[in-house]
1. Is there a residue in segment 144-163 that is within 23 Å of Glu40 (Cα to Cα), loosely packed, with under 15 Cβ neighbours inside 10 Å and at pLDDT 95 or above?
2. Residues of segment 7-55 being modelled with pLDDT of 95 or more, over 20 Å from Ser155 (Cβ atoms) and of a type in the set (Gly, Ala, Ser), which ones?
3. Looking only at segment 60-117, count how many residues are charged (D, E, K, R), closer than 15 Å to Ile16 by Cβ and either away from the ligand (no atom under 13 Å from the Cβ) or not in a loop (DSSP other than H, G, I, E, B) (or both).
4. List pairs: first residue in segment 18-30 and in contact (Cβ under 8 Å) with a residue 12 or more places away in the chain, second residue near the ligand (Cβ under 8 Å from one of its atoms) and in a loop (DSSP other than H, G, I, E, B) anywhere in the structure, Cβ distance under 6 angstrom, at least six positions apart or on different chains.
5. Looking at (1) outside any helix (DSSP H, G or I); (2) at pLDDT 90 or above; (3) out of contact with any His (no Cβ under 8 Å at 6 or more places or on another chain), which one does Thr139 not meet, given that it meets all the others?
6. Of the numbered conditions (1) outside any helix (DSSP H, G or I); (2) touching a strand residue (DSSP E or B) at 6+ places or on another chain (Cβ under 8 Å), Pro45 fails exactly one; give the number of that condition.
7. Just the residues that are aromatic (Phe, Trp, Tyr) and surrounded by 17 or more Cβ atoms within 10 Å (Cβ to Cβ), please, taken from segment 41-78.
8. Does Ala51 count as small (Gly, Ala, Ser), within 16 Å of the ligand (Cβ to nearest atom) and on the phi > 0 side of the Ramachandran plot?
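The values are calculated or read from the model by the stated rules, or taken from the named source; none is laboratory data. The shown structure was predicted, so the numbers you read here are calculated from the model rather than taken from an experiment. Because the Cβ atoms are built from the backbone with ideal geometry, glycine has one as well, and the counts that use them run over all protein chains shown.
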Amino acid sequence: MNHHSTIANTEVVRLITIPISHYCEKVRWALDLLKIPYIEERHVPAFHLWATRKHGGSSVPILVAKSGNFIDSTDILHYLDTLNPENQGLYPKEPELRREVEELEELFDARLGADTRNWGYFYRSGDRETMRTGWCDGTPQLERLGFEIIFPFLSSTIRQRYNIQRFPLYNGTINNNKISSCIKN
Ligand SMILES: N[C@@H](CCC(=O)N[C@@H](CS)C(=O)NCC(=O)O)C(=O)O
C-alpha cells in the first residue's frame, strides 16, 4: 500500500493491476499526484482475469471504489479528479486547455503507450528473466509459480494478442509531431 501523509480523501481505493502495464502506471501516477491512499493488487497476466472478471472487466487497471468499479484508465482519472475538487486536480478547469490535455491523453494511450509496449515485447517477451521482473513483481506466490509453468504459452499469447510479428511502429510514433514535441518539452 502506498501511504501519504496528506490524505485528502479518507476512502482507501483498491487498484487491480499488472505490474508492467503502462495504463496501470498512469493511474499510479494520478493517485500519487492527488495523494490518494490506495491498495494495489498486482497480478501476473492471464491470472489477472480472475480478479478483473469479478469486477466486470477484463483488462487492467481496475479501480474498485465505494462509488463503483472503474475499468478504464481514463475513466479512472476522471473519477479521481472529482474526489478532490478543492485542491489540485488532474485536468485543467479551462475547457480549451482541458480538451487539449484529454486529446494528448488519448494520443499517448493509443499511440505512445501501446507502441512502446509493443516495442518492449518485440525484443523481450521471450526473455523469461525480464518478463519475470515485469510481470511478477509483487504478485501472489501461486501466480508466480504459474508464470514459471506457463511462461512459453504466455509469451506467445502476448505476441499474438498485440500482433507482434514484425518490427513495431515505434519510429512512426516518435516521429508523430505532437508526441515528439511533448517529449522534447
Ligand atoms: N483502455 C484501457 C486499456 C487497458 C489495457 O489494454 N490493459 C492491458 C495491460 S497494458 C491489459 O489489461 N491487457 C490484458 C487483457 O486485456 O487481458 C485502459 O486505458 O485502461
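1. Yes, the conditions are met somewhere in segment 144-163.
2. Within segment 7-55, Ala30, Ala51 qualify.
3. Our first condition is that a residue be charged (D, E, K, R); within segment 60-117, this holds for 66, 72, 75, 81, 86, 93-94, 96, 98-100, 102-103, 105-106, 109, 111, 115, 117.
Then drop every residue that is not closer than 15 Å to Ile16 by Cβ, which leaves 72, 75.
Now narrow it down to the ones that are either away from the ligand (no atom under 13 Å from the Cβ) or not in a loop (DSSP other than H, G, I, E, B) (or both): 75.
So the count comes out to 1.
4. Partner pairs satisfying both residue conditions: Ile18/Pro45; Ile18/Val60; Ser21/Val60; Tyr23/Pro61; Cys24/Val60; Cys24/Pro61; Val27/Pro61.
5. (3)
6. Checking Pro45 against (1) outside any helix (DSSP H, G or I); (2) touching a strand residue (DSSP E or B) at 6+ places or on another chain (Cβ under 8 Å), the one that fails is (2).
7. First, pick out the residues of segment 41-78 that are aromatic (Phe, Trp, Tyr): 47, 50, 70.
Scanning segment 41-78 gives Phe47, Phe70.
8. Working: small (Gly, Ala, Ser): yes; within 16 Å of the ligand (Cβ to nearest atom): yes; on the phi > 0 side of the Ramachandran plot: no.
Answer is no for this residue.
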